[in-house]
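**Student:** Quick one: structure below, then a few questions.
The values are calculated or read from the model by the stated rules, or taken from the named source; none is laboratory data. The shown structure was predicted, so the numbers you read here are calculated from the model rather than taken from an experiment. Cβ coordinates were reconstructed from backbone atoms using ideal geometry, including for glycine residues, and neighbour counts include every protein chain displayed. Just so you know, the surface numbers come from the protein's heavy atoms only, side chains and all, with ligands and any DNA or RNA stripped out. Shrake-Rupley method; radii C 1.70, N 1.55, O 1.52, S 1.80 Å.
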Amino acid sequence: MKEKFAKFVKTLPMKIYIILAAVFIFTFFSNDFGLVDIQKTAVILAAGLDRTDEGYHLTAQIAVPKGSDRNSCGTASIDIEGDGKTVSDCITQIYGKTGWVPKLIFCNLLLIGEDTAKSEDIFDGLDFFLRNEYMQDSCFIAACEGTAKDMLTTVSAIDDTTSQSIEKIFSDAAVKAGTTVKSTLKDFAVSYYGKSKSGYMPFVRSIDQNCGADSGGGSGSSASGSGGGSESGGSSQGEEQKKIYYANETALFSEGKMVALLTPEETFAFTLLQGNVFAGTMTAEEDGKPVTLSILSDEGKVSLSVKNKPKVTMSLRTKIRLFNRGVPAPIDDVSKSEISDAVEANATERLTQYMTDLWQTCLDSGCDLFLLNRNLYRSSPKKYAEWKETLLTSADLEIKVKIDKVK
C-alpha cells in the first residue's frame, strides 16, 4: 500500500503537467484566449446616437493603427456611420460597410445628441447597449450640443481621437474640482428603472481652438470619407478647425427624457452636495473685489423627512482658505490664507443661492435629481404611496451651510 502511494505521489507532478498542457492547448485553439483579431474586428472606442425619422443614426468611432515609425505611432480613428430602425440595424449596416465585426468591449463613451435627448425617452436607443453582453457598465454616457455625429467627427486639438479628448474632461481631477459630473451607463440605467425615474449626465460642448501652424497638438482629424464614414489623420487635417471640449453643465432627465440643463453654478452646488469636491475653487467678494477661495474638504448630503409634511434638508460643511485676490495685496497679506468674516458671509450667501437655484430647477423640470422617491420607498413604502406623485412640489426646503476657515 505504501509503495503504491509513493508511486502515485512520484507521478503526480507529471499528471498535473499533462492536464495543464491539455487545458492550455484546448483554450488556445478554441478561442485564442479571447483575444481580438484586429484584422477582422472594428474596435469601437465611442458611439454617438441620434434619432432620425426612420429610427436611429449611429456614429461609431473605430480605432485604427497610425503606423510603426516614431513619427506616426499611436492610434487614430475613423468614423463609420449606420442608419436603421433600431441601433442593432445600425450596427449591422456598419458591418456591411466595413466587413469588420463591430466590438463594443472597448467602447468607453456613449454620446447622445441634444435633440435626441429632448425629443422622447432615449431608452429605446440605449436598450441595445444595456443588452449587449460585451458593453462595459462603466462606459461614460453624456449628452452633447447639436448632434452626436457632429461632435464625434470634430477634430480634437489635444488628442488624435475625439472620444479620448472628451473622456479626459470626466477625469477624477475634474470631478474633485467640482467643474463637471460624470455618469456611467450603469448609473444612468439604475436611476431610470428606479422609483425616482430620474437621472443626469454631463452636457458636452466644443469651442474652436487656434493651434497655429506649428502646433504640437492632436494630429488626428475627421476628414470626410466615402461610404458614410470619415477618417482621422486625413490629408486635409490642416484645413479642419480644431476643437477643445468642456462639460461644466449637467443635463437632467426624467423618465428618459432631457428636461433641464443645470448651469455651471448649479452643477458646482450639486457636486458639493454629493461630497465630491476636494480641490475646487469658488469666487466670493470682499469690498466689491473678487476673492478666489480654495475648497479643502467637503461634506454634503441631502436628507428627507416625512413626519408630518415632506421636508428636504440640504446640508453642506466645507473648509476653505484664501487662494487668490483679484487686486494687489500688501506683502504681509500674501502669506495669509485665512478669510475674513465678510468673505465667509459672502461665500455662504453664494453657496446658499446656488443650492436654491438647483432645487428650483429640479422643481420646474420634475426631475428627482436626489432620488428622494427611491429613498422614501426604501424607508417607508406606505409614505411613498402617499407622497410619490407630489413629493417634490409639496416638500419644504431647508439649506444649512457651514464654512470652516483655515487658520
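**Student:** Taking 1 over the mean of 1/r across every pair of different Cα atoms in region 271-407, what Kirkwood radius in Å do you get?
**Tutor:** When all Cα pairs of region 271-407 are included, the Kirkwood radius is 16.7 Å.
**Student:** Which order do the peptides 258-267, 87-96 come out in when sorted by mean C-beta neighbours inside 10 angstrom, highest first?
**Tutor:** 258-267, 87-96
**Student:** I've got another one for you. Would you work out which of VAL190, GLY125, ILE141 lies farthest towards the positive end of the dipole of region 119-210, given +1 charges on the beta-carbon of Lys and Arg and -1 on that of Asp and Glu, about the Cα centre?
**Tutor:** Of the listed residues, the answer is VAL190.
**Student:** Now for a separate question. In a shell of Cβ-Cβ distance under 15 Å around THR281, excluding THR281 itself, what net charge do Lys and Arg (+1) and Asp and Glu (-1) give?
**Tutor:** +2
**Student:** I've got another one for you. If you roll a 1.4 angstrom probe over the protein chains with everything in place, what fraction of the accessible area of region 365-407 belongs to carbon and sulfur, to the nearest %?
**Tutor:** Summing carbon and sulfur atoms, their accessible area is 46 percent of the total for region 365-407.
**Student:** May I ask for the distance between the Cα centers of region 306-327 and region 105-165, given as a whole number of Å?
**Tutor:** Computed from Cα coordinates, the inter-centre distance equals 33 Å.
**Student:** Could you provide, to the nearest whole Å², the per residue accessible area of region 247-322 with probe 1.4 Å?
**Tutor:** Per residue, region 247-322 has an accessible area of 42 Å².
**Student:** At q = 0.14, 0.28 Å⁻¹, what is the base-10 log of I(q)/I(0) for region 165-204 according to the Debye formula with one equal point scatterer per Cα and no solvent? Please give it to two decimals.
**Tutor:** Values, matching the q order: -0.35, -0.92.
**Student:** May I ask you to give the solvent-accessible area per residue for region 130-213, in square angstrom, as obtained with a 1.4 angstrom probe?
**Tutor:** Normalised by residue count, the accessible surface of region 130-213 is 43 Å².
**Student:** Also, quick follow-up: Can you give the net charge of the other residues whose Cβ lies under 11 Å from the Cβ of GLY48, counting K and R as +1 and D and E as -1?
**Tutor:** -3
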